[in-house]
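Colleague: Submitted below is the structure of interest, expressed as structure tokens.
The values are calculated or read from the model by the stated rules, or taken from the named source; none is laboratory data. Only a predicted model underlies this, so the values are computations on that prediction, with no experimental measurement involved. Positions of Cβ are backbone-derived with ideal geometry, glycine not excepted, and every protein chain shown enters the neighbour counts. All accessible areas refer to the heavy atoms of the entire protein, side chains included, with ligands and DNA or RNA removed. Shrake-Rupley method; radii C 1.70, N 1.55, O 1.52, S 1.80 Å.
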Amino acid sequence: MKFVSTRGGEKVTGAQAIVRGLSANGGLFVPEKFPQVSAEELEGLLEADYAERAAHILGKYLDEYDRDGLLSACRSAYAKFDGGDPAPLVRIDDGVYMLELWHGPTLAFKDMALTLLPYLLRKGCDICGVKEQILILTATSGDTGKAALEGFKDADGVKITVFYPSDGVSKMQKLQMCTQDGANVNVVAVKGNFDDCQNAVKEIFSNPDCAAKLKEKNYILSSANSINFGRLAPQIAYYFSAYLDLVSAGQIPMGEEIDFTVPTGNFGNILAAYYAKQMGLPVRRLHCASNSNNVLTEFIATGVYDLHREFIKTTSPSMDILVSSNLERLIFELSGRDYKLTASRMKDLKTGGKYAISAGELEKLQETFDGGYADEESCVEAMYDVFIDAGYVMDTHTGCAMKVAVDWFEKHKKDETNMVIVSTANPYKFPQDVLYAVTGNDVKDSFKGVKRLHAATAMAVPKCLKELKDKPARFTKTCDGKKLFDEVLEFIK
Ligand SMILES: *Cc1c(COP(=O)(O)O)cnc(C)c1O
């Protein structure tokens, strides 16, 4: 299988797409066509465990990677998850399920891909004959950074620097990153919000001078951000797995369509659901859930993507994003895979902060996608209601998705389609906000929040969070967005 850039000009293999991360002209790598999964294949996967299902889906895209290698990599990646099943489905009401993707080492769904990416990258380098060391630069809205650090710490031939917005991550997220161990890791705060941080990192990737300077020092750049196809591919697998679990449990007959609601920031998670649908998974609608930074809600309703709006800091920081990078892959598909049009829209976004798709494309978009959002108050209410009615505790990002799903149920009372809500973080990652939602109590300190949340819900506290309390911070630097590359050079000196 070959991969092409959304902005044209290049055709590469899967291994190259993963090693490079982003194409030379700034486009994102997408498969030349969507591999199909037949009904018989789905039947065959019913008995398979999660690692087997994931290896099967990955193998469809990464045909130069050997199957046994993929399977054993999936086995060891998902053995790092608590509780056996890395992506369990939990029923919270008739026809309503939570797909919990936060049982990995850093307690957020990013682990689903980032426990596997080091293998995909290392093997990709072997396949491509890359001799240089790899330097991973990643911008994070909080959860990617920790998951990438944990995935790549002490990996041979790899160094990693994570940049996070100085005023854009939760205290727990910051603590998780700044206490990271490993000899090959670096963590730096960047002044501003996530978009500033992501833009500064993208700047390095698209600057040939930076690449040349790194090459001199025997490094090539790669990214662990969700624009990397190696992040996207493992995410497709859990949509298949959730579907198969519903069939196995006798909740739906094979072939019946279901809906997913996905809390969305950079559009990576929900794009993986769209890819699963394109591959033949019986999916009816995808509900794209945002917080108050509802640029995607507006885009899905109107076809206009407009950045002229205030950036709002919310209690779901991993969704505080205005420039959703992976949306480029979707508008590329909607345009009928028109490279030139996609490139010109991305240019319009960069220069004028805005682009619009055509009426025909909007219609295509709305055939599959709905958009909705939760403001702070309605997120809290959704979390509270489910806790009271079903005894289920969810984090703030999942709370936004819950609110959007509830709005859909209220508008479509006769809809019998099963709904799977994608749950993206362990509630203890955002202890004060979750505590407030379920009890109305405000506490100033995160660890006090953890204690009280445990008292209120009896939910088990993850060991890695308990340990954080006494771990010293190793990384305390803050830098200006314009100085990022200096920081990188300093680190690899
Ligand atoms: C990253 C993240 C999201 C957003 O996922 P995208 O792939 O960026 O859309 C939602 N919730 C949590 C907890 C996350 O860490």
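Colleague: How about the stretch 66-128: which helices (runs of 4 or more DSSP H) wholly inside it have at least 1 residues that are at pLDDT below 95 and open to solvent by 30 Å² or more (accessible area, probe 1.4 Å)?
Modeller: Details: elements: 67-78, 111-114, 117-128.
The qualifying helices (runs of 4 or more DSSP H) are 117-128.
Colleague: Kindly indicate which of Leu435, Leu465, Leu453 is within 16 Å of the ligand (Cβ to nearest atom) and either over 30 Å from Arg284 (Cα atoms) or without any contact (Cβ under 8 Å) to a residue 60 or more places away in the chain (or both).
Modeller: Numbers: Leu435 fails: within 16 Å of the ligand (Cβ to nearest atom); Leu453 fails: within 16 Å of the ligand (Cβ to nearest atom).
One residue alone meets the criteria, Leu465.
Colleague: Moving on to the next point. Could you please tell me which pairs satisfy a Cβ distance under 9 Å, a separation of 6+ or placement on different chains, a first residue in the stretch 362-379 that is touching a residue at least 12 places away in the same chain (Cβ under 8 Å), and a second residue that is part of a helix (DSSP H, G or I) and of a type in the set (Lys, Arg)?
Modeller: Here the result reads Thr368/Lys277; Gly372/Lys403; Tyr373/Lys403; Ala374/Lys403; Asp375/Lys403; Ser378/Lys403; Cys379/Lys403, each pair linking the stretch 362-379 to a residue that is part of a helix (DSSP H, G or I) and of a type in the set (Lys, Arg).
Colleague: Being surrounded by fewer than 20 Cβ atoms within 10 Å (Cβ to Cβ) and β-branched (Val, Ile, Thr) is the filter here; which residues of the stretch 439-461 pass it?
Modeller: Answer for the stretch 439-461, where residues must be surrounded by fewer than 20 Cβ atoms within 10 Å (Cβ to Cβ) and β-branched (Val, Ile, Thr): Thr439, Val443, Thr457, Val461.
Colleague: Checking Ile160 against (1) within 16 Å of the ligand (Cβ to nearest atom); (2) closer than 23 Å to Asn207 by Cα, which test does it fail?
Modeller: It is condition (1) that Ile160 fails.
Colleague: Please go through the stretch 470-487 and give me each residue that is surrounded by 12 or more Cβ atoms within 10 Å (Cβ to Cβ) and free of Cβ contacts under 8 Å to residues at least 24 places away in the same chain, ordered by number.
Modeller: Matches in the stretch 470-487: Lys483 only.
Colleague: Could I ask something else about it? For the stretch 23-31, does any single residue satisfy the condition of being farther than 30 Å from Asn207 by Cα and either of a type in the set (Phe, Trp, Tyr) or surrounded by 22 or more Cβ atoms within 10 Å (Cβ to Cβ) (or both)? Please lay out each step first, then the result.
Modeller: The first filter runs over the stretch 23-31 and keeps only residues farther than 30 Å from Asn207 by Cα, leaving none.
No, because not a single residue in the stretch 23-31 is farther than 30 Å from Asn207 by Cα and either of a type in the set (Phe, Trp, Tyr) or surrounded by 22 or more Cβ atoms within 10 Å (Cβ to Cβ) (or both).
Colleague: Report whether or not Tyr238 is open to solvent by less than 10 Å² (accessible area, probe 1.4 Å) and within 13 Å of the ligand (Cβ to nearest atom). It would help to see each step written out before you state the result.
Modeller: On the way: open to solvent by less than 10 Å² (accessible area, probe 1.4 Å): yes; within 13 Å of the ligand (Cβ to nearest atom): yes.
Taking the combined requirement at face value, the residue satisfies it.
Colleague: Which is open to solvent by 20 Å² or more (accessible area, probe 1.4 Å) and β-branched (Val, Ile, Thr), of Val185, Val162, Val190, Val169? Step through it out loud before you land on a result.
Modeller: Working: Val185 fails: open to solvent by 20 Å² or more (accessible area, probe 1.4 Å); Val162 fails: open to solvent by 20 Å² or more (accessible area, probe 1.4 Å); Val190 fails: open to solvent by 20 Å² or more (accessible area, probe 1.4 Å).
After applying the criteria, what remains is Val169.
Colleague: Which residues, taken from the stretch 208-235, are over 22 Å from Asp156 (Cα atoms), more than 16 Å from the ligand (Cβ to nearest atom) and touching a residue at least 12 places away in the same chain (Cβ under 8 Å)?
Modeller: Cys210
Colleague: Would you check which residues across the stretch 38-64 are touching a Gly at 6+ places or on another chain (Cβ under 7 Å) and either within 30 Å of Pro462 (Cβ to Cβ) or buried (at least 18 other Cβ atoms within 10 Å of the Cβ) (or both) and list them?
Modeller: Tyr61, Leu62, listed by residue number.
Colleague: Of all residues being in a loop (DSSP other than H, G, I, E, B) and not hydrophobic (A, V, I, L, M, F, W, C) in the stretch 375-397, which is nearest to Asn441 (Cα to Cα)? Just the residue, please. Walk me through how you get there before you give the answer.
Modeller: Kept after step one, since they are in a loop (DSSP other than H, G, I, E, B), are these residues of the stretch 375-397: 375, 391-395.
Subset that is not hydrophobic (A, V, I, L, M, F, W, C): 375, 391-392, 395.
Details: Asp375: 19, Gly391: 18, Tyr392: 18, Asp395: 16 Å.
Residue satisfying both the conditions and the ranking: Asp395.
Colleague: Would you check if Glu490 is part of a helix (DSSP H, G or I) and surrounded by fewer than 18 Cβ atoms within 10 Å (Cβ to Cβ)?
Modeller: On the way: part of a helix (DSSP H, G or I): yes; surrounded by fewer than 18 Cβ atoms within 10 Å (Cβ to Cβ): yes.
So Glu490 passes the test.
Colleague: Does the stretch 355-375 contain at least one residue that is away from the ligand (no atom under 16 Å from the Cβ), within 15 Å of Val434 (Cβ to Cβ) and either surrounded by 16 or more Cβ atoms within 10 Å (Cβ to Cβ) or at pLDDT 95 or above (or both)?
Modeller: no
Colleague: I'd like to check something: does the stretch 167-188 contain any residue that is part of a helix (DSSP H, G or I) and closer than 19 Å to Lys482 by Cα? If you could, list the steps in order and put the result at the bottom.
Modeller: Within the stretch 167-188, the first condition is being part of a helix (DSSP H, G or I), and the residues that meet it are 171-178.
With the extra rule that they be closer than 19 Å to Lys482 by Cα, the set shrinks to none.
The answer is no, given that none of the residues of the stretch 167-188 is part of a helix (DSSP H, G or I) and closer than 19 Å to Lys482 by Cα.
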